[in-house]
Amino acid sequence: MNNYISLGTMSGTSMDGIDLSIINSDGENNTSIVDNFFFEYSSDFKLELINIRKEVLQKNDLISKKPIINDLSRKITLLHVEAINKILKKNPLTKLDLIGYHGHTLIHKPEQAFTFQLGNPELMAQLLKTKVIFNFRDNDIKNKGQGAPLVTLYHGQILKHLNLINNGVIINIGGIANGSYFENSIIHSNDIGPGNCLLDQWIRINSKDLEFDREGKISEKGEVNSLMQEDFLNHYSYHDKKKSLDITDFNIAQFRGLKLEDGAATLVSVTANLIADFIKNIKEKKNKIILAGGGRKNKTLIKFLSKILNVNVEPIDQYKFAGDFIESQAFAYLAIRSFEKKFLSLPTTTGVIKPVTGGIVYSN
């Protein structure tokens, strides 16, 4: 098997910046981490991303807003190139074979058979003189999949590495929460519901200058509004939903009128209950719950989740993995699999009709 030095990027729904990871891997079981790096967006650029997400709510908007979208694709690519040059400067002896460029998801509507990520892979390949893999989700959607969750196979490698195939679950809490686990030795995954997306939105709207609930300190001071929580949970269960979700699938309108702290506590509790429901419904009982993504730092969420499940809930960092960079590592890993024409998704991960590969290679 060939080993590759691959760099993966992730610009997620928090819109705070770019996570980058360099790995050395065969795209199967042998993976070592070379380095991880975070590149922060300016507040002006972050505002541009927030605004375009509000304006692109359906497929037609991609056409009507095309000039703005093309401009943003160019801008975000140049920022990725700057970030990649910075991590390479930190690692002067590292020569990249591949770049897994996820881009920035602008709209994800698999039920309408489309997904769109901002980014210009041709420009990146030209500027960095390296093969760039882009469009990771398209082929999955063409084959009746949801195009997400896509990081599952990498989660599977982590569970194997930790000898937790039988009793481990990885819950990634980004804007959307998703979970990965093995059942009958086959990897499964599903998006679960809102992770940080509603909470971040709530904090931005209801506080003067805060962007998110750092370490759960705001939600810790609040009281959960049981009626509002129950109403949300009654109308939404991951069982009724598709394999993948978009942050536009939810809104915080129904929580209006609550104090900042009470709204935050209620939203954290909603997320904890949805994750707990997901874990309880796995047929093979799991007792090692491992959290990745930004939500793993929310101590109120961990407290709520531990209480509901009555098991130990641990951040992935306790297993010597960098919890902020699992997704960027995953796209470095998937870039290798894509280049080698190995499958990226399965019927049990995205609902695709058969195991499929994905991604398009752009060369200088």
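Rolling a 1.4 angstrom probe over the protein heavy atoms with all chains in place gives the stretch 1-117 an accessible area of 47 Å² per residue.
Normalised per residue, the accessible area of the stretch 233-363 is 43 Å², obtained with a 1.4 Å probe and no contribution from ligands, DNA or RNA. Protein-only accessible surface at a 1.4 angstrom probe places the residues 173, 186 in the order 186, 173, largest first. Taking a straight Cα-Cα cut-off under 20 Å and skipping sequence neighbours fewer than 8 places away in the same chain, the aspartates and glutamates within cross-link reach of residue 243 are 111, 138, 140, 183, 191, 277, 284, 327. Its relative contact order, with pairs defined as Cα atoms under 8 Å and 6+ residues apart, puts the stretch 1-128 at 29 percent.
Please compute the contact order of the chain in relative form: average sequence separation of alpha-carbon pairs under 8 Å and at least six residues apart, divided by the residue count, as a percent.
24
Taking only protein heavy atoms and a 1.4 Å probe, the accessible area of the chain is 48% carbon and sulfur.
Mind checking the dipole of the chain: about its Cα centre, +1 per Lys or Arg Cβ, -1 per Asp or Glu Cβ, Debye to the nearest 20?
540
Translational diffusion of the stretch 112-189, estimated by Stokes-Einstein from the Kirkwood radius over alpha carbon pairs at 37 °C in a medium of 0.692 mPa s, is 223 µm² per second. Calculated translational diffusion coefficient of the chain (4 °C, 1.567 mPa s; Stokes-Einstein with Kirkwood radius over alpha-carbon pairs) equals 63 µm²/s. Each residue was assigned an accessible area with a 1.4 Å probe, and for residue 205 the value is about 110 Å². Let a ≥ b ≥ c be the square roots of the eigenvalues of the Cα gyration tensor of the stretch 9-63; is it rounded (a/c under 1.5), or, if not, prolate (a/b larger than b/c) or oblate? The shape class here is oblate.
Computing Rg and the Kirkwood Rh from the Cα coordinates of the stretch 150-285 gives a ratio, Rg/Rh, of 1.01. Computed across the stretch 290-332, the Kirkwood radius stands at 10.9 Å (inverse of mean 1/r, all Cα pairs). Only Lys, Arg, Asp and Glu carry charge here, each on its Cβ (+1 for the first two, -1 for the last two); on that basis the stretch 19-64 has a dipole of about 300 debye about its Cα centre.
Which entries of 131/320; 65/142; 65/144; 280/307 show an alpha-carbon separation above 21 angstrom in the structure shown?
From 131/320; 65/142; 65/144; 280/307, over 21 Å: 131/320; 65/142; 65/144.
A 1.4 Å probe run over the stretch 167-209, with the rest of the protein chains in place, finds 32 Å² accessible per residue. Only helices reaching 27 angstrom along their own axis (Cα) with mean Kyte-Doolittle hydropathy no lower than -1.0 count here, and for the DSSP H runs of the chain these are 66-90, 260-280.
The values are calculated or read from the model by the stated rules, or taken from the named source; none is laboratory data. Nothing here was measured: the structure is a model prediction, and the numbers come from that model. Cβ atoms come from the backbone with ideal geometry, glycine included; neighbour counts cover every protein chain shown. The accessibility values were calculated without ligands, DNA or RNA, using every heavy atom of the protein model including side chains. Shrake-Rupley method; radii C 1.70, N 1.55, O 1.52, S 1.80 Å.
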